[in-house]
Amino acid sequence: MSNEILPVATPTQVRAHARHLLLRRHPRALLGALALHALAAAAGLVAPRLLGDLVEGVRRGDVEIDAVALAITGFLIAQGVLVRYAYDASARVGERILAELREEFVERVLALPLSRVERAGTGDLVSRTSRDVDALSETVRRAVPDILVSSVMIVLTLGALVLTGPLVALPCLVGVPLLWGAMRWYLRRAAPGYLREMAAWGALTGGLAETVHGARTVEALGLAERRLRRCDRDIARSYRAERYTLRLRTVIFPVVDIAFALPIVATLLIGGLLHIHGMASLAQVTAATLYVHQVIGPVDLVLTRLDELQLGGAALARLLGVGNVPRDRSPGDARPAGERLAARDVHYAYRDGRDVLHGVDLDLRPGERLAVVGPSGAGKSTLGRLLAGVDEPRVGTVTVGEGAGAVRLVDLPLDELRGRVALVTQDHHVFHGTVRDNLLLARPATDEEAEAALRAVDWDGPGLDTVVGSGGEPLSPAQAQQLALARLILADPHTLVLDEATSLLDPRAARRLERSLAAVLDGRAVVAIAHRLHTAHDADRVAVVENGRVIELGTHDELIAAGGSYAALWSSWHGDKQPSP
Amino acid sequence: MKRLPVPDPGVPDGRSPTRYLIWTARAQWRAVLAGALLDVGWTACQALMLAAIGKAVDEGVAERDASALAAWSAVVLALGGGVAATGVLRHRTLVLGWLSAAYRTVQIVTRQAVRLGGTLPRRTAAGEVVSVGVTDVEHIGDALEILGRAVGATTAIGLVTGLMWAASPRLGLVVLIGVPVILAAAGPLLRPLREREQRHRELVGELNSRAADLVAGLRVLRGIGGEALFADRYREESQRVRRAGVAAATAASRLRGAEVLLPGLLVALVTWAGARAAASGAISVGDLVACYGYAVFLITPLKTVGEAAGTLTRGHVAAGRVVRLLRLEPEPPDTGTVVPDGPAELVDAASGLVVRPGRVTAIAASDPRDAQAIADRLGRHADGEVAYGGVPLRDVAGVRERIVVALNEDRLFSGTLRDALTPGFRPVDDAALHAALRTACAEDVAAATGLDARVAEAGREFSGGQLQRLRLARALAADPEVLVLVEPTSAVDAHTEARIADRLGAARAGRTTVVCTTSPLMLDRADHVAFVVNGAVVAEGRHRDLLLSEPRYAAAVTRGEDSP
């Protein structure tokens, strides 16, 4: 429940990565797109120039109006066509970069140590996979191309302006100091403001989603008033966040508008005076004024996209940050000989200084069924995860193999590990995809093998090609669990850890499932963490875990005879009824 | 400054999507009108700025008249100030209008959702309603925003046409004909763009849910493997998104090109006609410069008008979903007025179940769906012939407060743990909350975090067993006359279940408790057990007696021990 969020990449890392993506990986495509944009911008700059000539020519009365108009038309058509291909080209680069970023992110997530994810809470990761990926996508699709394109246009327009006449080009600089100062003020405040705004909007829609999903609960427990209050409170918070950024824009917009008007007036006035004193032609003044007017659009676009660029940078930092989590396993080359699973003096802590397991020793004989029972919070599930190699013990070892052929589970590559030891929990998540997709997560297999695995678990659900999981055909909890078991048959590990695999099911479903389970367990060593005591009764041995220690270990009959914790529970479960044979 | 949220969003007009949009617009007509007026003012200032530049070139620069140049430059600057002032006011008005339309819709949808309660999931898919909250709210906001801007843009086009007409009727005519031609020519480009963007958005949504799926199933993947396969599949889908993104971008780039080309042709035409007019002396050189500027200036309002149709259509579709939700009515309706003394005897005619007041009654059903159906009727979540103290339940006032039915499907809401555990009927102090937590054996969960810790949405940080115990604690804290619990301990271990069973009776002393369960640990502690087969009570008594007297009962509740 702690909120120890996953790391965030440093600004240096983000900048290095962005540079690497743009300059190293796609230099040619990027250059091509920029060249097209430059050509388009250049074509766009000819029209005002020609108009200047036209104005001058009309005054003098020595101009081929039709020819110049035709030339203007020609350049505008060229500009239109070039713009079309330039945007297409830059979108292609952008989409490719975006795909690479999200794919690399998912690879990083897949390699994350599970314990680290759980400590951070899945909320952090979910918001990175959705909100940050989306924010980055917005940036790459809109802000980056707009800024690149506008920069090209600004440079070219200013170049054209200087070519028109260095003297008439100078006055346009009067707006720069004002813009510079205002933007510095704004950008320092904008990113946190917009992040707050998005978070508040997310909370608002999230609250609505909760009310909708929990509508029955709201009715049953009289929570309507409270949900309405929560809604209004979320709106108020969102409104506060919106008002803050609106205030920022209320300051920046007029300043920028004035900063845009000043250069026009300055060019007009100073250029006009230069003309009056014979230092500039009418064409020069006209063209310069139009260029200055024309450069406002791209400058404005760059300025409005700068805050989006900031937000994209923040999102990228959070996506890259996932890669900063140290790996929890370092697979070696050693492969185990034999199937014996052994835990030696195992300690584990989710938080420093708070061990939940205090020196557990356990030997699982090949083919043996061991039931683990004990109260909630005793450390059963933690033990299960260590025995399956999901987490590494803080102290002590969990190994597979006999004698000198024993190898620590965390030293095995993941795919090697899963061929030997697998863990199934009560967390019966069905992945979105076909039934086949869900099965083949274990290993690649033919349809015949997949069908056989389904038959083995007594599958009564839809066929291999049916889409299941969120948005697909709904599966009952029992079917979800059957699917998980069929997956196990395909993976074919010699040792299984079942963590309350049949809980959360109604009794009828559980009974069906136990039959499926029998097919899966056949011939494997099993650690069954259970709260149904009959599982313990049927096991070869029972381990009772309390307060992070194994306090009783033996067969059902031995433990009953010992008269300890297990025996007391068993009699409570049974009442006076005689156990059936 | 406007105060949001409004305390009462009012009664929406849900007769049709259009009426809903009109109702929303009318609720904030001042903002819509002000937005339109400011938009007109803003565009007018920009257009007049161009006109003033033309005059400055004409009368100042060309005539070498420094004082006229200074005067017109001052006018340009003043109009620049006008652009700044109207621009910021316009922006504020549009943003506030957008927000109040969106917030109002959120309020209305939330009010309708809590009014419908349990009817909502029965009558509509949750996803549909949530999408109202996420995307439709924004589309409705967009529709109201574009309304103001479209009015402004149309006025601006009219104004520019008029200005050009004043300079030269022929130029005015060129624009008058050119504008509809451009809109008609760009129109066909909009549809494929919107379709491809829609397709891209859908694929992005799927890809995002694939990634969320990954996070939710990370534990499963770690147990069984499949990381590499998952990565491959994600990459495949990501590439599909990339291709759809490129396809949408290609359509967008065509529109971008057309947005340069089509008004560009108009600009060229205006320039050509203007230059000839200037050469023949019909207009001045300054007019020519201004007309060029006007034609360029037309591009923005043209884009807005082009956008408006699509935005209004999307707003209409969004309003349609809101209206469909508004048409739903809660069922069964809560209209009772009789106030019986509680806790009283509760009788379900359909199953023959009689629940005595003040005791713990267990319902053991051979099919859990039967128990669920009885629970729904007892709490009047479904209609049925149920009497409470001799009064038909449909006539009883405040059934929800008297009879609470707690299911495993119930949700924990985000907020502090204290809030998440507090039911809505009456205030609950910490002592009562701790007592409920103790009965539900959930003290360890609360102790680990404290009552002020934040609970994530749906309590997803908790394990299944922890969630179940927290839900039980919340139901106990409601302390109703009658508490109906459906499979309240199915996800907890035997040790804990035994403890809960022991504590439940004492905690509910003097009040009625019904537990639907097949767990022998729970049944053993109940005052009375009713065994239900095919929806009817076939045997009643104490657990231990029923075990001996009713073989079907024994088979149903001790199933595990007979299986291999």
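The values are calculated or read from the model by the stated rules, or taken from the named source; none is laboratory data. Quantities reported herein were computed from a predicted structural model and do not represent experimental measurements. Cβ: placed from backbone, ideal geometry, glycine included. Neighbour counts: every protein chain shown.
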*Taking the options B:A448, B:A458, B:A420, name whichever one is surrounded by fewer than 17 Cβ atoms within 10 Å (Cβ to Cβ), in contact (Cβ under 8 Å) with a residue 40 or more places away in the chain and part of a helix (DSSP H, G or I).*
B:A458
*Do we have B:D8 as in a helix (DSSP H, G or I) and either closer than 27 Å to B:R92 by Cα or touching an Asp or Glu at 6+ places or on another chain (Cβ under 9 Å) (or both) here?*
no
*How many of the residues in the stretch A:159-169 are in a helix (DSSP H, G or I) and buried (at least 17 other Cβ atoms within 10 Å of the Cβ)?*
5
*Of all the residues that make up the stretch A:19-73, how many are among the basic types (K, R) and away from chain B (no Cβ under 14 Å)?*
4
*Take the stretch B:484-510 and flag every residue that is under 39 Å from the mean Cα position of the chain (by Cα) and in a loop (DSSP other than H, G, I, E, B).*
B:E487, B:P488, B:T489, B:S490, B:A491, B:V492, B:D493, B:R508
*asked:* On the basis of being in contact (Cβ under 8 Å) with a residue 24 or more places away in the chain and among the acidic types (D, E), does A:D411 make the cut?
replied: yes
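Do the conditions hold for A:A35, that is, is it surrounded by 17 or more Cβ atoms within 10 Å (Cβ to Cβ) and in a helix (DSSP H, G or I)?
Details: surrounded by 17 or more Cβ atoms within 10 Å (Cβ to Cβ): no; in a helix (DSSP H, G or I): yes.
It is false that A:A35 is surrounded by 17 or more Cβ atoms within 10 Å (Cβ to Cβ) and in a helix (DSSP H, G or I).
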*For residues that are within 11 Å of chain A (Cβ to nearest Cβ) and outside any loop (DSSP other than H, G, I, E, B), scanning just the stretch B:511-521, find the one that is modelled with the highest pLDDT.*
B:C516
*Where B:E409 falls short, out of the listed (1) surrounded by fewer than 20 Cβ atoms within 10 Å (Cβ to Cβ); (2) at the interface with chain A (Cβ under 8 Å from one of its Cβ atoms); (3) part of a loop (DSSP other than H, G, I, E, B); (4) over 28 Å from the mean Cα position of the chain (by Cα)*: (4)
*Residue check for B:R314: crowded, with 18+ Cβ neighbours inside 10 Å and part of a loop (DSSP other than H, G, I, E, B)*: no
*Any idea which of (1) more than 7 Å from every other protein chain (Cβ to nearest Cβ); (2) modelled with pLDDT of 90 or more; (3) within 23 Å of A:S127 (Cβ to Cβ) is the one A:L248 doesn't satisfy?*
(3)
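Just for the stretch A:397-437: of the residues that are of a type in the set (G, A, S) and surrounded by fewer than 18 Cβ atoms within 10 Å (Cβ to Cβ), which one is nearest to the chain's Cα centre (by Cα)?
Among residues in the stretch A:397-437 that are of a type in the set (G, A, S) and surrounded by fewer than 18 Cβ atoms within 10 Å (Cβ to Cβ), the one nearest to the chain's Cα centre (by Cα) is A:G419.
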*asked:* Just the residues that are under 14 Å from B:L476 (Cβ atoms) and either of a type in the set (G, A, S) or free of Cβ contacts under 8 Å to residues at least 40 places away in the same chain (or both), please, taken from the stretch B:430-444.
replied: B:A431, B:A432, B:H434, B:A435, B:A436, B:L437, B:A440, B:A442, B:E443
_Single condition A:G472 does not satisfy, out of (1) more than 27 Å from the chain's Cα centre (by Cα); (2) surrounded by fewer than 18 Cβ atoms within 10 Å (Cβ to Cβ)_ = (1)
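Results for (1) in a loop (DSSP other than H, G, I, E, B); (2) in contact with a helix residue (DSSP H, G or I) (Cβ under 6 Å, 6 or more places away or on another chain), shown as yes or no for each residue.
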residue: B:A275; (1), (2): no, yes
residue: B:G286; (1), (2): no, yes
residue: B:V289; (1), (2): no, yes
residue: B:Y294; (1), (2): no, yes
residue: B:K303; (1), (2): no, no
residue: B:A308; (1), (2): no, yes
residue: B:G320; (1), (2): no, yes
residue: B:P330; (1), (2): yes, yes
residue: B:D334; (1), (2): yes, no
*Is there any pair with a first residue in the stretch B:84-97 that is under 16 Å from B:V151 (Cβ atoms) and at pLDDT below 95 and a second that is outside any helix (DSSP H, G or I) and not charged (D, E, K, R) whose Cβ atoms are under 8 Å apart and which are 6 or more apart or on different chains, and what are they?*
B:G97/B:Q28
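Go through the stretch B:526-543 residue by residue and tally those that are under 22 Å from B:D493 (Cβ atoms) and either facing chain A (nearest Cβ under 10 Å) or under 41 Å from the mean Cα position of the chain (by Cα) (or both).
Selection size over the stretch B:526-543: 1.
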*Pick from A:T129, A:T205: which is in contact with a helix residue (DSSP H, G or I) (Cβ under 8 Å, 6 or more places away or on another chain), under 30 Å from A:D328 (Cα atoms) and of a type in the set (S, T, N, Q)?*
A:T129
*Tell me which residues, restricted to the stretch A:6-34, are farther than 19 Å from A:D146 by Cβ and touching a Lys or Arg at 6+ places or on another chain (Cβ under 8 Å).*
A:L6, A:V8, A:A9
*Going by the structure shown, is B:V114 at pLDDT 90 or above, farther than 22 Å from A:R249 by Cβ and of a type in the set (A, V, I, L, M, F, W, C)?*
yes
*Any idea how many residues of the stretch A:75-97 are more than 7 Å from every other protein chain (Cβ to nearest Cβ), of a type outside the set (G, A, S) and crowded, with 24+ Cβ neighbours inside 10 Å?*
1
*asked:* If I filter the stretch A:272-302 down to residues being under 56 Å from the mean Cα position of the chain (by Cα) and within 7 Å of chain B (Cβ to nearest Cβ), which single residue comes out as farthest from A:D53 (Cα to Cα)?
replied: A:T289
*Among helices (runs of 4 or more DSSP H) lying entirely in the stretch A:114-158, which contain 2 or more residues that are at pLDDT 80 or above and over 20 Å from A:G297 (Cα atoms)?*
A:133-138
*In the stretch A:340-381, how many residues are basic (K, R), within 14 Å of chain B (Cβ to nearest Cβ) and either in a loop (DSSP other than H, G, I, E, B) or surrounded by 16 or more Cβ atoms within 10 Å (Cβ to Cβ) (or both)?*
2
*Please enumerate the residues belonging to the stretch A:99-145 that are of a type in the set (A, V, I, L, M, F, W, C) and either at the interface with chain B (Cβ under 9 Å from one of its Cβ atoms) or in contact with a His (Cβ under 6 Å, 6 or more places away or on another chain) (or both).*
A:A99, A:F105, A:V106, A:V109, A:L110, A:A111, A:L112, A:L114, A:V117, A:L125, A:V126, A:V133
_Could you go through the stretch B:114-122 and let me know if any residue there is crowded, with 19+ Cβ neighbours inside 10 Å, over 15 Å from the mean Cα position of the chain (by Cα) and part of a helix (DSSP H, G or I)._
yes
*Can you name the number of the only condition in (1) closer than 30 Å to A:L76 by Cα; (2) modelled with pLDDT of 85 or more that B:Y234 fails?*
(1)
*A:A236 is checked against (1) modelled with pLDDT under 90; (2) part of a helix (DSSP H, G or I); (3) surrounded by fewer than 18 Cβ atoms within 10 Å (Cβ to Cβ) and fails just one. What number does that condition carry?*
(1)
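Of these, B:S490, B:S463, which one is among the polar types (S, T, N, Q) and within 20 Å of B:D376 (Cβ to Cβ)?
Testing whether each residue is among the polar types (S, T, N, Q) and within 20 Å of B:D376 (Cβ to Cβ) leaves just B:S490.
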